[in-house]
Amino acid sequence: MIVRLLYVSRSSGPQTTTVTRSILEQAQTHNAAQGITGVLCQGQGFFLQVLEGPRSAVNALYRHIAVDMRHKDVELLMFEDTQERQFSRWSMALIKLSDQDPMVKLQHPEFDPYSASGAQAMQQLLHWLDSSQPIERVLD
């Protein structure tokens, strides 16, 4: 059985490229071995991440993330069974929002990942992934 999990967290310290790269590298190595795919979105001080894969592997990874010292305020936004992966091309992709992105500049204050529904947060993440706005995509 394949599941999809979406969570949001805040960075517990400065959200540097080094920290994000460390998370991404660990995810790419671990996830490929566990059959997990997904995407990580890094905004100003927050992470929004989707994990897809076998239920036990995704649950184990989420439990690990919840106690990872690089994250705080970890909240589950969505957990669902699925027949098809949405992010099957990547053990983990990174969407790094540009400082010029309207969401980073808070020109869309109506979107708060902590008060959004899981469906709203997923829709916003998919928008960023498909957007022509200036974002950095690091894909494996």
Restricting attention to the stretch 33-44, does a residue exist that is outside any strand (DSSP E or B), touching a Ser or Thr at 6+ places or on another chain (Cβ under 8 Å) and within 18 Å of residue 121 (Cα to Cα)?
no
Somewhere in the stretch 57-75, is a residue over 21 Å from residue 1 (Cβ atoms), at pLDDT below 90, of a type in the set (Asp, Glu) and not in a loop (DSSP other than H, G, I, E, B)?
no
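Okay, residues lined up against (1) closer than 24 Å to residue 115 by Cβ; (2) modelled with pLDDT of 95 or more; (3) of a type in the set (Val, Ile, Thr):
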| residue | (1), (2), (3) |
| --- | --- |
| 14 | no, no, no |
| 31 | no, no, no |
| 35 | no, no, no |
| 43 | yes, no, no |
| 50 | yes, no, yes |
| 89 | no, no, no |
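The values are calculated or read from the model by the stated rules, or taken from the named source; none is laboratory data. Since we're looking at a predicted model, the values are computed, not measured. Because the Cβ atoms are built from the backbone with ideal geometry, glycine has one as well, and the counts that use them run over all protein chains shown.
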